[in-house]
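> Handing you a structure now.
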Amino acid sequence: MEAIKKPIRTVWDIPRHEQFAPGHNMCQGCAAALIMRMLMKVVGKDAIVAMGTGCVEVTTTPFPYTSWRNPWLHLAFENTAAAASGIEAALKALKRKYGIYKDRYVKVVAIAGDGGTFDIGLQALSGMMERGHDVMYVVYDNEAYMNTGIQRSSATPLGAWTTTTPVGKRMRGEPHPKKDIIGIALAHRIPYIATANPAYPTDMMEKFRKAYETRGPSLVHVLSPCTPGWRIRNEHSIHVARLAVLTGMWVQLEIVNGKPRVTVKVRKRKPVKEYLRLQGRFRHLTDEEIQRIQEMVDRYVEEINRWVGEEAIGPVEA
Amino acid sequence: MTESTEPQGVERYLGKKYPRTWDEVPIAGIVPWPGNTEELPKHSWRTIRPVIDQEKCIRCRMCWVYCPDSAIVEVDKEYTNKKGRTFKVSYEVNYDHCKGCGICAFECPVNAIQMVPEER
Ligand SMILES: Cc1ncc(C[n+]2csc(CCOP(=O)(O)OP(=O)(O)O)c2C)c(N)n1
Ligand code: SF4
Ligand code: SF4
Ligand code: SF4
Ligand SMILES: [Mg+2]
């Protein structure tokens with residue numbers, strides 16, 4: 001399958017062909033599996049995938065098997081974006097010197113988890129964005145280091161339990177709010193940045209399509225509910241992802257050449273409690289603690305609305 | 001030096017069986033069998049299985065869209081329901097790939113999918 005060129009407006013615009021094979025070892029109900037499936041449908045056969053280690057990497061490539069139908073590289077934790085930059089530079093040189101892929105658009109797609117992006121791969125990502133490589137970078141954010149057993153990362157949200165942010169008298173889960181990776185990407189002035197969510201598949205795929213079509217660095221930050229790590233029911237992963245948007249915990253953004261837009265508007269927000277109470281990782285939170293998270297989200301929503309210049313995300317419904 | 005008649009590059013491995021010993025492992029540990037996890041059944045992961053009621057199904061495609069394991073298959077099978085409405089496609093479950101997560105049943109807008117316990 002070639003990369004999708006036409007806009008994806010409805011679910012009927014999604015091709016039937018599966019570029020990403022089933023039979024992988026991702027958990028029952030893992031949203032990352034769905035994200036990969038949809039991503040590969042969009043980018044098609046001419047993408048070279050550079051994959052940082054993490055759940056997706058480990059579960060899709062148990063030797064001698066692979067779920068990928070594309071050229072795919074296993075990379076270390078720190079160097080996903082560095083290796084992606086190198087492949088892109090090599091492709092350019094091959095084209096210039098030998099005319100290889102002259103009439104075919106072959107593009108590098110880098111994929112890594114939140115640990116591999118927000119923390120350990122951050123400097124490589126910064127370099128890739130700063131040098132302007134023609135690479136699409138996708139971070140699937142399950143808000144912790146899941147593959148090694150739920151350790152906190154700088155993407156773990158305030159109050160969440162992980163094995164390294166335990167809940168007791170002294171510690172009440174993660175003490176810090178989530179790092180603003182979109183702000184970091186913005187500071188690099190890259191042409192395309194977006195946040196996406198698997199509960200909104202056409203919106204997500206449309207963002208993948210635009211990121212793939214961008215010439216230069218692009219970043220898509222995707223929320224990826226994780227059934228064991230978030231302590232949610234298997235069938236709830238899409239439901240929880242949707243609630244993240246409906247409560248304003250997650251805002252669906254698209255920033256083209258610095259100009260921001262909210263792609264999924266929410267007229268009336270639900271209280272954050274509805275999102276939190278479905279997840280075992282937030283079970284310990286008291287009403288006061290939930291209130292603090294609500295106030296944090298209120299401020300965040302206000303900030304976004306001011307930035308996009310309209311009330312894209314409305315007030316909490318009474 | 002004699003010229004090798006063996007095919008070069010990845011082609012060398014394509015027709016071959018999977019390596020059983022270290023000296024059969026392709027150079028650099030490459031896996032020249034794209035998408036071959038498809039051969040690996042995952043049915044033993046399931047404790048419950050989705051069953052689609054073709055009569056109730058309105059062919060909205062949502063279960064197919066949301067399945068993380070590509071286990072809902074869209075087939076060009078015509079179906080006319082009791083109300084006389086004809087659909088061009090049908091949705092079926094590939095029980096080799098389905099892990100029984102229940103997302104399809106939860107997301108189906110008309111509750112056309114039931115999750116039923118697996119029995120031995
Ligand atoms: C330098 C380094 N430290 C630690 C590890 C072990 N390790 C492999 S995957 C992983 C967790 C990855 O977390 P994340 O990037 O968030 O992806 P996820 O597993 O959550 O999908 C860790 C700690 C490693 N491979 N390399
Ligand atoms: S641990 Fe979480 S992210 Fe990893 S495969 Fe399982 S559900 Fe997916
Ligand atoms: S139960 Fe889960 S894996 Fe099985 S078909 Fe439904 S969504 Fe797919
Ligand atoms: S979600 Fe339900 S109604 Fe829609 S196609 Fe699937 S089974 Fe049919
Ligand atoms: Mg992670």
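The values are calculated or read from the model by the stated rules, or taken from the named source; none is laboratory data. For clarity, every value in this text was computed on a predicted model and none was experimentally measured. When we count neighbours, we look across all protein chains shown, and the Cβ atoms used for this are built from the backbone with ideal geometry, even at glycine. The protein model used for the area step is the full one, side chains on, heavy atoms only, and it has no ligands, DNA or RNA in it. Shrake-Rupley method; radii C 1.70, N 1.55, O 1.52, S 1.80 Å.
> List pairs: first residue in the stretch B:12-37 and modelled with pLDDT of 85 or more, second residue open to solvent by less than 90 Å² (accessible area, probe 1.4 Å) and of a type in the set (Asp, Glu) anywhere in the structure, Cβ distance under 9 angstrom, at least six positions apart or on different chains.
B:18/B:24; B:35/A:18
> Going through the stretch B:40-63 one residue at a time, which ones are open to solvent by 50 Å² or more (accessible area, probe 1.4 Å) and facing another protein chain (nearest Cβ under 7 Å)?
B:45
> Shifting gears a bit: Out of all the residues in the stretch B:64-81, which are more than 9 Å from chain A (Cβ to nearest Cβ) and touching a residue at least 24 places away in the same chain (Cβ under 8 Å)?
B:72, B:79, B:81, listed by residue number.
> Oh, and also: In this structure, does residue A:76 turn out to be surrounded by 15 or more Cβ atoms within 10 Å (Cβ to Cβ) and more than 16 Å from ligand 4 (Cβ to nearest atom)?
So residue A:76 does not fit the description; no.
> Under 9 Å by Cβ, and 6 or more places apart or on different chains, what pairs join a residue from the stretch B:91-117 that is farther than 15 Å from residue B:68 by Cβ and among the polar types (S, T, N, Q) with one that is near ligand 3 (Cβ under 6 Å from one of its atoms) and not in a loop (DSSP other than H, G, I, E, B)?
What qualifies is B:114/B:50.
> Within the stretch A:43-51, can one find any residue that is farther than 17 Å from residue A:72 by Cα, open to solvent by 10 Å² or more (accessible area, probe 1.4 Å) and either within 16 Å of ligand 4 (Cβ to nearest atom) or within 11 Å of another protein chain (Cβ to nearest Cβ) (or both)? Talk me through it step by step, then tell me what you get.
We begin by selecting, within the stretch A:43-51, every residue farther than 17 Å from residue A:72 by Cα; these are none.
Taking every residue of the stretch A:43-51 in turn, none turns out to be farther than 17 Å from residue A:72 by Cα, open to solvent by 10 Å² or more (accessible area, probe 1.4 Å) and either within 16 Å of ligand 4 (Cβ to nearest atom) or within 11 Å of another protein chain (Cβ to nearest Cβ) (or both).
> Then there is this: Within the stretch A:173-260, which strands (runs of 3 or more DSSP E) (wholly inside it) include 3 or more residues that are buried (at least 22 other Cβ atoms within 10 Å of the Cβ)?
Details: elements: A:192-196, A:218-223, A:253-256.
Output list reads A:192-196, A:218-223.
> Quick one: in the stretch B:24-39, which of the residues that are open to solvent by 40 Å² or more (accessible area, probe 1.4 Å) and assigned to a loop (DSSP other than H, G, I, E, B) is farthest from the other protein chains (Cβ to nearest Cβ)?
Ranking the candidates gives B:30 first.
> Additional query: Tell me which residues, restricted to the stretch A:245-290, are of a type in the set (A, V, I, L, M) and over 19 Å from residue A:307 (Cβ atoms).
As a first pass, look at the stretch A:245-290 and keep what is of a type in the set (A, V, I, L, M): A:245-246, A:249, A:251, A:253, A:255-256, A:262, A:264, A:266, A:272, A:276, A:278, A:285, A:290.
The answer is A:246, A:272, A:276, A:278, A:285, A:290.
> Filter the strands (runs of 3 or more DSSP E) completely within the stretch B:52-120 down to those with at least 1 residues that are β-branched (Val, Ile, Thr) and under 16 Å from residue A:234 (Cα atoms).
It comes to B:113-117.
> Among (1) within 18 Å of the chain's Cα centre (by Cα); (2) crowded, with 21+ Cβ neighbours inside 10 Å, which single condition is residue A:67 missing?
(1)
> Further question: Give me the pairs, please: first residue somewhere in the stretch B:40-63 and farther than 14 Å from residue B:105 by Cα, second residue anywhere and in a helix (DSSP H, G or I) and open to solvent by less than 60 Å² (accessible area, probe 1.4 Å), beta-carbon distance under 7 Å, and either six or more positions apart or on two chains.
As it stands, the answer is none, since no pair meets every condition given.
> Search the stretch A:152-172 for residues being open to solvent by 10 Å² or more (accessible area, probe 1.4 Å) and free of Cβ contacts under 8 Å to residues at least 24 places away in the same chain, and hand back the single one that is nearest to residue A:258 (Cα to Cα).
Within the stretch A:152-172, the first condition is being open to solvent by 10 Å² or more (accessible area, probe 1.4 Å), and the residues that meet it are A:152, A:154, A:157-158, A:161, A:163-164, A:166-172.
If we keep only those that are free of Cβ contacts under 8 Å to residues at least 24 places away in the same chain as well, we get A:152, A:163-164, A:166, A:168-171.
Values: A:152: 30, A:163: 37, A:164: 36, A:166: 38, A:168: 43, A:169: 44, A:170: 42, A:171: 38 Å.
The residue in question is A:152.
> Can you name the residue in the stretch B:90-120 that is aliphatic (A, V, I, L, M) and surrounded by 15 or more Cβ atoms within 10 Å (Cβ to Cβ) and is also farthest from the other protein chains (Cβ to nearest Cβ) among such residues?
B:112
> Of the residues that make up the stretch A:5-19, is at least one more than 13 Å from every other protein chain (Cβ to nearest Cβ), more than 16 Å from residue A:146 (Cα to Cα), open to solvent by less than 10 Å² (accessible area, probe 1.4 Å) and among the β-branched types (Val, Ile, Thr)?
The answer is no, given that none of the residues of the stretch A:5-19 is more than 13 Å from every other protein chain (Cβ to nearest Cβ), more than 16 Å from residue A:146 (Cα to Cα), open to solvent by less than 10 Å² (accessible area, probe 1.4 Å) and among the β-branched types (Val, Ile, Thr).
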